[in-house]
Amino acid sequence: MSLSRVANSPQTLRFVLDGAVVSLHDPPPTMTVLEYLRDVAGRRGTKEGCAEGDCGACTVVIGELTADRRRVCYRAVNSCIRFLPTLDGKELVSVESLRQPDDCAAHPVQQSMVDHHGSQCGFCTPGFVMSLLALYLNRDAADREQVLSALAGNLCRCTGYRPIIEAGMRQFDYATPLRWSREEAYSESHVEVLKSIAREAAATSSLHYPGFHAPRTLDELGLALESSPNSVLLAGGTDIGLWVTKQLRDLPALVYLGDVPELTRIEERSQELWIGAAVTLTDAWPALLARFPTLTEQTERFASPPIRNSATLCGNLANGSPIGDSIPMLIALRALLELRRGKTLRRLPLEDFYLEYQKKDLSEGEYVAGVAIPAARHGQLLASYKLSKRVDQDISAVAATFCVTVETAQVTEARLAYGGLAGIPQRARHAERALMGGGWTLNGIEASIAALATDFEPLTDLRASREYRLKAAGNLLRRFYLQQQGEHAALRTADALQDLG
């Protein structure tokens, strides 16, 4: 690997750092952005804590041209599990980038941390600063909840945390900095330098060298998988990154999906919402919530902002983890996976994709191209729940999504999907039949809860015992019914008061 400024060839990775184009020839496919910053660029402000995208000490900001190529979108990501070649055509911002001229004050994000005593040992402070920088670049002001959300992926609490929250809220009160102000970040010069290294959507311009291939078209992607069927498909890398950093595995060739335009699209269709395989969770969730707003709490508790900024919705589905929180949610919503092999497409109900633990209905050379979520049905009741030891950024002990269609107290359709109970996320079919037979009544709910024991044999692990999981699964269903009844009662009261008025 060399740092020479070579042409934009298929073997050359190019990205922007502090306004200059960095060119790397044949970089190691699984070198992380963190390793590059610390070991190659000598930027040791970015720290390694957990090496799995949890603690936030390694947070950096990445800038990327929007689809219309008119502006740059800046987002915080975890550099410890982000492979360096995925930065092709993007801008990298590290904590050293915020350094101001010698006769100027520190950047507002940093100065606010100093003034409000938001750092103690200092090891994790650069990660906090970069998460707050992303907030600073994307807002003119922020309240407490917005700061808490931005910092959900930064887990250090050695200062008691309150000063850091205060610093995040007050960072907008300072004078505009010379470097990395909002005006400068979104200036035409940043757009133009990224345009100068952008690749065209053609196979001849894709980043491609031994061990790494970033196709630019669906046809090129199909050929890549046909010629190298044992390749690992890489999207956000929030799971695959751990194979390298924690399991120390040597990976086969990587085929990156993030540069295929068709896979980065969200299509709002009349009868369904279609989300491509390379769409990040940050972009996918708003589209899903526009149709199903009751899922808001669940989506906000899914990982942290830096993880959501890299991870993809379809990657979570393709991984098939029994604790993948999006899977029971989309199973309950009757989602269909779109699977592609070359030019051949097929659709499969998401619930039928998982055969057993880490075994899926996927043939050689076939990949998940997208997911389609049908429109809500009339009379549909929907809620999603997650039980975990922490509110934010934690693995579920039990996750559940319930989607029930009710007509005059009769349940005409019931989809009760659970994660965390078995080797795969799945529907509680016995419980569904009991609910449809018992009706939308408390007796019907209790009969459905009793049937859960025939649907699952929960496991016991460090997160929860078998007995807890089964009891919690039933309690969540009971909670769903009582909440729906309470909401309907509140609506009836509101209507009555309106009539009286």
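The values are calculated or read from the model by the stated rules, or taken from the named source; none is laboratory data. None of these values were measured; they are calculated from a predicted model. We place every Cβ from the backbone using ideal geometry, glycine too, and count neighbours over all the protein chains shown. Surface accessibility is based on the protein's heavy atoms, side chains included, excluding ligands, DNA and RNA. Shrake-Rupley method; radii C 1.70, N 1.55, O 1.52, S 1.80 Å.
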- Take the Cα coordinates of the stretch 128-173, assign each an equal point scatterer, and use the Debye formula without solvent to give log10 I(q)/I(0) at q = 0.13, 0.30 Å⁻¹. -0.23, -1.24
- Task: Could you sort out which of LYS359/LYS471; LYS389/LYS471; LYS246/LYS389; LYS359/LYS386 sit more than 21 Å apart by Cα distance in this structure?
- Result: LYS359/LYS471; LYS246/LYS389; LYS359/LYS386
- Message: Loop only by DSSP, 15 or fewer other Cβ within 10 Å of the Cβ. Give me the GluC sites (Glu not before Pro) in the stretch 134-219 that pass, ordered by residue number.
- Response: GLU200
- For helix 218-227, what angle does its Cα long axis make with the longest principal axis of the chain, in degrees from 0 to 90 and rounded to 10? 90
- Task: Scale the Cα Rg of the stretch 250-308 by the rule-of-thumb value 2.2 N^0.38 Å and send over the ratio, two decimals.
- Result: 1.33
- Within the stretch 269-337, list the trypsin sites (Lys or Arg not before Pro) lying in a DSSP loop whose Cβ has at most 15 other Cβ atoms in a 10 Å radius. ARG269
- Using eta = 1.567 mPa s and T = 4 °C, Stokes-Einstein with Kirkwood Rh from Cα pairs puts D for the stretch 282-356, in µm² s⁻¹, at 97
- Hey, for a label at GLN11 modelled as a point 7 Å past Cα toward Cβ, could you say which residues of the stretch 26-57 have their backbone N under 20 Å away? 26-31
- Item | Average projected area [Cα convex hull, the chain], square nanometres | 26.3
- Applying a 4.7 angstrom Cβ cut-off across the chain, unpaired cysteine residues come out as CYS73, CYS104, CYS121, CYS158, CYS314, CYS403
- Here the percent of antiparallel bridges among DSSP beta bridges lying wholly in the chain, to the nearest 5, is 90
- What ³J(HN,Hα) values, in whole Hz, does the Karplus curve 6.51 cos²θ - 1.76 cosθ + 1.60 give for the stretch 75-81 when θ = phi - 60°, with x put for Gly and Pro? 9, 7, 9, 8, 6, 6, 10
- Rounded to whole Å and sorted largest first, list the principal axis extents of the Cα atoms in the stretch 176-244. 51, 31, 19
- Note the full-extension length gain between THR460 and PHE123 as 0.36 nm times their separation in residues minus their Cα-Cα distance, in nm to one decimal. 117.7 nm
- From the residues GLY42, THR32, TYR74, which one has its Cα farthest along the dipole of the stretch 32-80 in the positive direction, the dipole being from +1 and -1 charges on Cβ of Lys/Arg and Asp/Glu about the Cα centre? TYR74
- Item | Solvent exposure of the chain as accessible area per residue, Å², 1.4 Å probe | 43
- Query: Which loop-located GluC sites (Glu not before Pro) does the stretch 314-380 contain, where loop means any DSSP state but H, G, I, E or B and the Cβ has at most 14 other Cβ atoms within 10 Å?
  - Reply: GLU364
- Note on the structure: Given 367-379, 95-107, the highest-first ranking by average Cβ count within 10 Å works out to 367-379, 95-107
- Task: For ALA383, enumerate residues with amide H under 5 Å from its amide H, sequence gap 5+ or separate chain, H modeled in the peptide plane.
- Result: PHE402
- Which whole-number percentage describes the relative contact order of the stretch 136-226, with Cα contacts under 8 Å and a sequence gap of 6 or more? 21
- Using a 1.4 angstrom probe on heavy atoms only, work out the carbon and sulfur share of the accessible area of the stretch 225-338 in %. 50
- If you count the DSSP beta bridges with both ends in the stretch 205-266, what percent of them are antiparallel, to the nearest 5? 40
- Task: Treating the angle as unsigned and between 0 and 90°, give the value, to the nearest 10°, between the Cα long axis of helix 281-291 and the longest Cα principal axis of the chain.
- Result: 40
- Query: By how many nm would the segment from ARG347 to HIS25 lengthen if fully extended, with 0.36 nm per residue of separation less the alpha-carbon distance?
  - Reply: 112.0 nm
- May I ask for the angle, rounded to the nearest 10°, between helix 188-197 and the longest principal axis of the chain, with both axes built from Cα atoms and the value confined to 0 to 90°? 90
- Item | Directionally averaged projected area (convex hull, Cα atoms, the stretch 84-174), nm² | 6.8
- Query: Where a Cα-Cα gap under 18 Å defines reach, which aspartates and glutamates qualify for LYS47, not counting those fewer than 8 residues away within the same chain?
  - Reply: GLU35, ASP39, GLU96
- Message: Going by amide H atoms built from the backbone, whose H comes under 5 Å of the H on SER388, apart from near neighbours?
- Response: ALA397
- Using the Kirkwood radius over Cα pairs, work out the Stokes-Einstein diffusion coefficient for the stretch 156-292 at 10 °C and 1.306 mPa s, in µm²/s as a whole number. 84
- Note on the structure: Dividing the mean separation of Cα pairs under 8 Å (6+ apart) by the residue count of the chain yields a relative contact order in percent of 11
